[in-house]
Amino acid sequence: MSVAGAAEKKKSSDAPPASSAGPAQRLGTAEGWTAYVYKDKSGQVCYLAGGPQKSEPATAKRKPPTAMVTHRPEEKVANVVSFVEGYTLKEGSDASLDIGGAKFDLFTKGDSAWARTADLDKTIVEALAKGKQAIVKGTPQKGQPTTDTYTLAGFAQALTMIDKACGIKR
């Protein structure tokens, strides 16, 4: 599958639940991270979401950025990492992710950034679970690049909640 094809597949499967899928049930919250579960036509979906502690520049016109990890066990998909930037990213640009000095390049499409492979998703999730903070840098279609700083306190606990709800073993 091409990167663009993967982006389309991930984009359609990572979106928060539409009203037709029924409401997401909150599993719990740990620090700034909240875990959810819902069912859609493909089966059970578990995800966690959190917002950054700090976004720069503060004057950037954008929707609230969000970091997410999604599991779709019926589709044999787990640990899908996505960062919704809250604005349209510059076409062809990469976003960068820094977790305690470990650096990752993420591909972008529309307003979101993802890891290129399932193995990289798993590596990033492991780093997020052990890390103290994550810094995401993105380049908008128009305007200055942005930097979002996420605190990772509570991430591991929220991850445990979605792992348990979707039967994911670590």
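The values are calculated or read from the model by the stated rules, or taken from the named source; none is laboratory data. As the structure is a computational prediction, the values presented were derived from the model and not from experiment. Reconstructed Cβ throughout: ideal geometry from the backbone, glycine too, with neighbour counts over all protein chains shown.
Summary table
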| quantity | calculated |
| --- | --- |
| Any hit, region 92-105, residues being among the basic types (Lys, Arg), without any contact (Cβ under 8 Å) to a residue 24 or more places away in the chain and either in contact with a strand residue (DSSP E or B) (Cβ under 6 Å, 6 or more places away or on another chain) or surrounded by fewer than 21 Cβ atoms within 10 Å (Cβ to Cβ) (or both) | yes |
| Subset of region 84-118 (residues that are within 13 Å of residue 139 (Cβ to Cβ), hydrophobic (A, V, I, L, M, F, W, C) and under 14 Å from the mean Cα position of the chain (by Cα)) | 95, 106, 107, 113 |
| Test: residue in region 18-31 that is in a helix (DSSP H, G or I), modelled with pLDDT under 95 and surrounded by 15 or more Cβ atoms within 10 Å (Cβ to Cβ) | yes |
| In region 77-91, residue surrounded by the most Cβ atoms within 10 Å (Cβ to Cβ) [restricted to those that are of a type in the set (Ser, Thr, Tyr) and touching a strand residue (DSSP E or B) at 6+ places or on another chain (Cβ under 6 Å)] | 82 |
| Candidate set from region 119-151 (those that are hydrophobic (A, V, I, L, M, F, W, C), without any contact (Cβ under 8 Å) to a residue 40 or more places away in the chain and in contact with a strand residue (DSSP E or B) (Cβ under 8 Å, 6 or more places away or on another chain)); member that is nearest to residue 65 (Cα to Cα) | 135 |
| Strands (runs of 3 or more DSSP E) contained in region 51-170 and holding at least 1 residues touching a Ser or Thr at 6+ places or on another chain (Cβ under 9 Å), at pLDDT 95 or above and under 24 Å from residue 41 (Cα atoms) | 66-72, 77-84, 112-114 |
| Any hit, region 142-159, residues being among the hydrophobic types (A, V, I, L, M, F, W, C), touching a Pro at 6+ places or on another chain (Cβ under 9 Å) and surrounded by fewer than 19 Cβ atoms within 10 Å (Cβ to Cβ) | no |
